[in-house]
Amino acid sequence: LTKVVAAEYGSMNIRCNAVMPGAITTQMLRDTEDFVSGMGANVDELWMGRIGLQRRGSPDEVAQLILFLACDDSSYCHGQGYVVDGQIVDKF
């Protein structure tokens, strides 16, 4: 969808980008942790071993990227997806 919108509106100088957050400390994540913990799972074991930075992100960290994309400093950023997840990796 991001690429399609970018292709359609780029000629009108309307930029389109996507922000894709990972494990961000929000109420939704806390509710999920409570649910999973109630089933006997350890959320830290499930998540922290998969995040390269070994921590959850904050809403402010996501907001900083959005602020950058909204300002003129990112005027040539267009049609991209920006992942904000602390490097989630698959570990088997």
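Remarks
- Within region 30-47, the set of residues being of a type outside the set (Val, Ile, Thr), surrounded by 15 or more Cβ atoms within 10 Å (Cβ to Cβ) and under 16 Å from residue 86 (Cβ atoms) comprises just one member, 47.
- Candidate set: region 9-28, residues that are over 16 Å from the mean Cα position of the chain (by Cα) and free of Cβ contacts under 8 Å to residues at least 24 places away in the same chain; chosen: the one least open to solvent (accessible area, probe 1.4 Å): 14
- Of all residues in region 49-72 being under 22 Å from residue 11 (Cβ atoms) and part of a helix (DSSP H, G or I), the one that is least open to solvent (accessible area, probe 1.4 Å): 69
- Residue match in region 74-86 (condition: free of Cβ contacts under 8 Å to residues at least 60 places away in the same chain, in a helix (DSSP H, G or I) and either open to solvent by less than 40 Å² (accessible area, probe 1.4 Å) or not charged (D, E, K, R) (or both)): yes
The values are calculated or read from the model by the stated rules, or taken from the named source; none is laboratory data. Remember, predicted model here, so these are calculated numbers, not experimental data. No Cβ is skipped: glycine too gets one built from the backbone with ideal geometry, and neighbour counts run over all protein chains shown. Note: accessible area is taken over every heavy atom of the protein model, side chains too, but ligands, DNA and RNA are not part of it. Shrake-Rupley method; radii C 1.70, N 1.55, O 1.52, S 1.80 Å.
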